[in-house]
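What follows is a set of notes on a single structure, which appears directly below.
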């Protein structure tokens, strides 16, 4: 998995609100792509639907809640700091591994 995709998915994993099982199932059914000739689906398709649901929740939340205090900017900065911290940890780990070899 490349870095861009991995980062995108990590950021989209948390939901803005919680759903009951039935409600989540209905929402995911509505986002289901046209059938490809089988009853099953791949984890990638499920993940794509979850990402779309998150994006829909974000849009709905942004429209219903004014950003008076700049919380969106604060969230963006927090996400960037977390990504930076993760990258620093990976770099440090790589350096340690190289020194051990």
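Residue 74 passes all but one of (1) under 19 Å from the mean Cα position of the chain (by Cα); (2) at pLDDT 80 or above; which number fails? Against the list (1) under 19 Å from the mean Cα position of the chain (by Cα); (2) at pLDDT 80 or above, residue 74 comes up short only on (2).
Among the residues making up the range 22-69, a single one is modelled with pLDDT under 80 and either surrounded by 14 or more Cβ atoms within 10 Å (Cβ to Cβ) or in contact with a helix residue (DSSP H, G or I) (Cβ under 6 Å, 6 or more places away or on another chain) (or both): 41. Pairs meeting the criteria (first residue in the range 33-59 and within 16 Å of residue 19 (Cα to Cα) and in the same structural domain as residue 19 (by TED's automatic domain parsing), second residue surrounded by 15 or more Cβ atoms within 10 Å (Cβ to Cβ) and modelled with pLDDT under 75, beta carbons under 6 Å, at least 6 apart or on different chains) are 51/12; 54/12.
The values are calculated or read from the model by the stated rules, or taken from the named source; none is laboratory data. Everything numeric in this text was worked out from a predicted model, so none of it was measured. Glycine gets a Cβ as well: all are built from the backbone with ideal geometry, and neighbour counts include every protein chain shown.
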